[in-house]
Amino acid sequence: MSKRNTTRLLVPLVAILLGFALGALVLIVTGRNPGAMFLAMFQGATGVNLKAGSFNPRYIGEFIIQSMPIMLSGLSVAFAFRTGLFNIGAEGQLIAGSVAATAVALWVEAPPVIHVLLVLLAAAVVGGLWGAIPGFLKARFNIHEVVITIMMNYLALFLNNWMVLYVFGSKDRIKTALFPATALLKDDALSALTNGSRLNWGFVPVLLSVLLFWFVIEKTTFGYSLRAVGFNKDGARYAGMRVERNMVLSMAIAGGFAGLAGAVLTTGTFNYGRFLPGAEGYGMDGIAVALVGGNGAFGVFFSALLFGMLKAAQPLMQSQGVPKEIASIIQASIVLFIAMSLGIETLISKLRKQKIEALGEEAGV
Amino acid sequence: MKTRLTPRRTVQGMRPAFWVMAAILVLIFAGCAARGQEQAGARAGETQEAAARSGPPKIGLVFDVGGRGDGAFNDSAYAGLVEAARELGGRIVGEPGAPDYGSRFEARCLSSKLEGRDRAQLLSVLAEDGCRLVYAVGFLFADSVARVAREHPNTHFVLIDGSIPDLSSASNVTAVSFAEHEGSFLAGALAGYAASGNPRAKVGFIGGMDTPLIRRFQSGFAAGAAYAALAFREPGRILVQYVGKDGSAFADPKTAKAIAELMYSTGAEVVYHAAGGSGAGLFEAAREAGKLAIGVDSDQALAYFAKAGDPHARETGSRIVSSMLKRVDRAVFLTAKEFVERGAVEGGYRVYSLADGGVALARNEHNERSLAPYVARLDELSAKIVRGEIKVPETPEAAAAFIAGLK
Amino acid sequence: MNIFYSMVPIAFAYSAPLVIAALGGLFSERSGIVNIALEGIMMVGGFTAASVTVVLEPLTPAAGYWGLLAGLCAGVVFSALHAFTSINLKANQVISGTALNILAGGLTVYLAQIFFHQQRTAAFTRGLVKVTVPGLASIPLVGPLFFVNASPPFYIAIALVLVAWFVVFKTPFGLRLRACGEHPQAAASMGIDVLAMRYIGVLVSGAFAGLAGSALVLTQDIQYTAGSIHGSGFIAMACLIFGKWNPFGVLGAGIFFGLAQALSLYAKDIPFLVGIPSEFFYLLPYALTIIALLVFAGKSVGPKAAGEIYDAGKR
């Protein structure tokens, strides 16, 4: 068991290292300074500018802000993975959640704390419904969830834009009216604490979601039956589990996490619904986060911080003459290396299996 | 998909492979990092103290969506910065080969992401980086500038082409705007004169994002065309279409080209655009249709003529009969000069108009001949606007009233 | 009628890259490898094509066609990464494809900054010029639709549809390719080299998607930007599904989706479409694909083993 845990840590760590090494290599080959990138990343995460010897807590706030939505979309992707489903639709579920958040924030009047809770609840429910649709289509008609979720991402995007322009209404065609203060996760005190960053109370639902994920997956029979479906659909069915129901529920919960991310963005980072010119990549980030985090609650927590740091460092990289796209290159490389390492592992385990026929180990979790 | 996402893992078998891989990578990684640190260290050593205390004053600039290379607005702002560097002896840093004329100031440029949600971030980074003057190029920056300026009272912000309420000369924000409607009036008049040979001709306007600002271009243009020629006072003779509904509409030549093709094929002789980087699509369409186009912001024909030896570029350039200059470069240059020479920029509002050359129709060696028949009339109109005899409308409603009043 | 004649060629021009990329996806999926990296490959192709065209334009009038070729080659190279990870390393094909999509978005803009010092390539001056076919253009009714101001990639797309149909359904090679996508174990037992066939499938998809990206940028854009491709690769996937993994179906779906895109521009000039928000036209391809999937459900129209990792040991 402990050995398996070592590998579980080792695979992503090697992939991360490889990713950063490749990123640095790309910078060197193209004549840019990789040191500047690492300094920018350090400053993005800690607020400490090693070069100037200064400290600015605003960067820590922005770092947390950048990590929050991708932590949730990471949980979303990871939760579906555990049931053997590939949720490439976290982006769309997030957008559906932010539309719901916008609707409740603008149209419902409620006392301070309750309003925020309603916003979060609505976002999670609508995101969950948006996720349940592909889950249902997969369970009932065996339609591939990858294709459906991709299509539904774009559907969500254009529906959001239509809602913002024609239903919520937008004077400047960029954003809706501002939300009332009661609906906001934003808090000037938190912002002031971090020297004017966009830090907000969104981290509370985010952290609760991490714990909820861990509890449901690791500690409940429901979580066990979900994992069982992920290992072996037919076996799980044979053992009397309701495979179809589990698929729908799993996608609904996955959608719920992503929907929550929509609410955290719209009422935390911003305070209005937004017109979206294109996909913002939170869903793709979620896939990277889930893979690097090994689809576990705490793995997702740390890998979201890693990618959040990369994002937070982008503006700093730019000001140091490092093109910010290096962050996407590093992120993609890490994902690719993880995909490769999974393949390498399978290859090795295959070779071993041929030698030792019986190896009744549990499929890797 | 039956692919297993979490395959069986066996530790013993893969250990050597992984350790070797890891070891090699750590070495590469460490090597890079060390080299990087060294470089950074060396650079930091020579500039850090100086930069922080007695080094050249720093100027920052954040481009709007699209960034450099749009052949219009962003490029014009950059040109202003380059001119300032040349004139005042400063330098632009951040990429190899950037202009370097001395050390009276040091400027760096950032560009916002496609969706533009990092605008405030970039402004803050520049301010915290020690920039005493920060330009925000484009009206979409207005909210971000307002907020960041509050948090950084020691940095002066220049918002190009946008407005923020309640500024005074003591504010640390200068909002620069242009009388685009006046310049567009001349563009409209030019289009009207040029198209009036054909009694059934139409003229077209392509806007980027549908906003009040871009509607000022539209309004001025319509009023100008109607003022110049009787035919355009009839409904349906001035075609108007917008590229999109968000910032990316200024970086979408694809759609602009399709719109322009439609306009030309339905009878437009001259099409004017206020769509930033999307305008290049219009010029393509103009060349293909063999019709005329009017550019915006900078003298857009010059970029095409600059590509010596390319006959198609020349052909495209010759289709751009003129451009409505919005001298963003002038605004950037003048404020940078003020900053370098006086150490500060006065806050508040500035409007650059026809009267002070902030807006104008572009004239160059290439369009001299084609403009010749209209120059006298255009100059007269310009003078009338400067004297206040023509009051150019700023909204489509006012333009409609203006046109109705002409009859 | 005027509008119709100017809109249809535009719809054809829009549909060409979709059809070409979808045909690429067809080869890959028929061989058993899901390729959701079409979008990323199109980006790489488009970027390469734009860069090459910019460089060659002052030298040769055929620069645009060299650009197409370069984009095609870049697509092959980039897709080899997908082939290697998903065939040799047996990685999950969707993960590998996702990684390629993220990588392409970053890499192209990164390289643009290195080569052109801006977040986009320099603008080329003509790209691929529209053509009017002499003689055929004067055919009444049909001429103006197909042969006046036509986008060259549309003809390429039609040709590739015919080639793809012939190769996939009328040659022994096609039979083997399909066998690998339907039942790789059975194919292997008949002596077909499944891995090689799958490699060919993925590399062909890379070539087609690279070509498609180039065609899109060189005809519809004036340079490559981060937003040039903007989901076209995913619409191509939709075309593939909507066209039931059949080249002629793909062509029909592509033209239909191209028309939907063109309509979003022209709606305000067509009386009965006035007032419909453009968002409706944008989301049409995606919504229709979901409906199509529902209609096809259970009828097994796609390759059975697509996405499944081929494992020589499993019988």
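The values are calculated or read from the model by the stated rules, or taken from the named source; none is laboratory data. Since the structure is predicted, the reported quantities are computational estimates derived from the model, not experimental observations. Cβ atoms come from the backbone with ideal geometry, glycine included; neighbour counts cover every protein chain shown.
Brief remarks follow.
- Matching residues in the range B:344-368 - criterion: being of a type outside the set (A, V, I, L, M, F, W, C) and without any contact (Cβ under 8 Å) to a residue 40 or more places away in the chain: B:ASP356, B:GLY357, B:GLU365, B:GLU368
- Elements of the type helices (runs of 4 or more DSSP H) sitting completely within the range A:184-263 and holding at least 3 residues that are under 22 Å from the mean Cα position of the chain (by Cα): these cover A:203-219, A:221-231.
- Complete set of residues in the range B:350-406 that are outside any helix (DSSP H, G or I), touching a Lys or Arg at 6+ places or on another chain (Cβ under 8 Å) and either hydrophobic (A, V, I, L, M, F, W, C) or in the same structural domain as B:GLY192 (by TED's automatic domain parsing) (or both): B:VAL359, B:ALA360, B:ILE390, B:GLU394, B:THR395
- Those residues of the range C:136-159 which are among the β-branched types (Val, Ile, Thr) and in contact (Cβ under 8 Å) with a residue 40 or more places away in the chain, in sequence order: C:VAL148, C:ILE156, C:ILE158
- Residue count, the range A:146-170 (criterion: among the aromatic types (Phe, Trp, Tyr) and modelled with pLDDT under 90): 1
- Criterion violated by A:PRO277 - all others in (1) touching a Gly at 6+ places or on another chain (Cβ under 7 Å); (2) part of a loop (DSSP other than H, G, I, E, B); (3) modelled with pLDDT of 90 or more satisfied: (3)
- Meets criteria (under 30 Å from C:VAL109 (Cβ atoms), hydrophobic (A, V, I, L, M, F, W, C), within 14 Å of chain B (Cβ to nearest Cβ) and surrounded by fewer than 24 Cβ atoms within 10 Å (Cβ to Cβ)) for C:LEU216: no
- Subset of the range B:94-137 (residues that are in a helix (DSSP H, G or I) and either at the interface with another protein chain (Cβ under 9 Å from one of its Cβ atoms) or under 20 Å from B:PRO56 (Cβ atoms) (or both)): B:ALA120, B:GLN121, B:LEU122, B:SER124, B:VAL125, B:LEU126, B:ALA127, B:GLU128
- Test: residue in the range C:128-138 that is within 14 Å of chain A (Cβ to nearest Cβ), at pLDDT below 95, surrounded by fewer than 24 Cβ atoms within 10 Å (Cβ to Cβ) and on the phi > 0 side of the Ramachandran plot: no
- Per-region count, the range A:42-65, residues closer than 22 Å to A:PRO323 by Cβ, among the aliphatic types (A, V, I, L, M) and crowded, with 22+ Cβ neighbours inside 10 Å: 0
- Helices (runs of 4 or more DSSP H) fully within the range C:1-101 counting 3 or more residues that are crowded, with 24+ Cβ neighbours inside 10 Å, among the hydroxyl-bearing types (Ser, Thr, Tyr) and away from chain A (no Cβ under 12 Å): C:2-30, C:38-56
- Test: residue in the range A:87-97 that is surrounded by fewer than 24 Cβ atoms within 10 Å (Cβ to Cβ) and in a helix (DSSP H, G or I): no
- Matching residues in the range B:193-218 - criterion: being of a type in the set (Gly, Ala, Ser) and farther than 25 Å from B:ALA258 by Cβ: B:SER196, B:GLY197
- When B:ALA285, B:ALA289 are checked against the criterion of being without any contact (Cβ under 8 Å) to a residue 40 or more places away in the chain, aliphatic (A, V, I, L, M) and crowded, with 24+ Cβ neighbours inside 10 Å, a single residue qualifies: B:ALA285.
- Hits in the range C:47-87 - residues which are within 22 Å of C:VAL34 (Cβ to Cβ) and in contact (Cβ under 8 Å) with a residue 24 or more places away in the chain: C:LEU72, C:ALA74, C:GLY75, C:VAL76, C:VAL77, C:PHE78, C:SER79, C:ALA80, C:HIS82, C:ALA83, C:SER86, C:ILE87
- Which listed residue is outside the structural domain of B:ARG86 (by TED's automatic domain parsing), among the aliphatic types (A, V, I, L, M), outside any helix (DSSP H, G or I) and buried (at least 20 other Cβ atoms within 10 Å of the Cβ), from B:VAL332, B:VAL321: B:VAL321
- C:VAL109 vs. criteria among the hydrophobic types (A, V, I, L, M, F, W, C), crowded, with 24+ Cβ neighbours inside 10 Å and modelled with pLDDT under 95: yes
- Within the range A:28-40, tally of residues that are among the aliphatic types (A, V, I, L, M), surrounded by 22 or more Cβ atoms within 10 Å (Cβ to Cβ) and more than 8 Å from chain B (Cβ to nearest Cβ): 1
- Residue pairs meeting the criteria (Cβ under 7 Å; at least 6 apart or on separate chains; first farther than 12 Å from A:PHE213 by Cβ, in the range A:289-305; second not in a helix (DSSP H, G or I)): A:PHE302/A:GLY293; A:SER303/A:GLY293
- Here A:ALA105 meets the list (1) over 23 Å from C:ILE276 (Cβ atoms); (2) surrounded by fewer than 24 Cβ atoms within 10 Å (Cβ to Cβ) almost entirely, failing just condition (2).
- Taken together, the residues in the range C:266-279 that are within 17 Å of A:TRP162 (Cβ to Cβ) and either touching a residue at least 12 places away in the same chain (Cβ under 8 Å) or surrounded by 22 or more Cβ atoms within 10 Å (Cβ to Cβ) (or both) amount to 2.
- Condition check for B:VAL158: modelled with pLDDT of 90 or more, crowded, with 24+ Cβ neighbours inside 10 Å, within 15 Å of the chain's Cα centre (by Cα) and in the same structural domain as B:ALA77 (by TED's automatic domain parsing): yes
- Scanning the range C:246-264 for residues that are more than 14 Å from C:PRO285 (Cβ to Cβ) and either surrounded by fewer than 21 Cβ atoms within 10 Å (Cβ to Cβ) or among the hydroxyl-bearing types (Ser, Thr, Tyr) (or both) gives C:ASN246, C:PHE248, C:GLY249.
- Given (1) among the polar types (S, T, N, Q); (2) touching a helix residue (DSSP H, G or I) at 6+ places or on another chain (Cβ under 6 Å); (3) in contact (Cβ under 8 Å) with a residue 12 or more places away in the chain, index of the condition B:GLN121 fails: (3)
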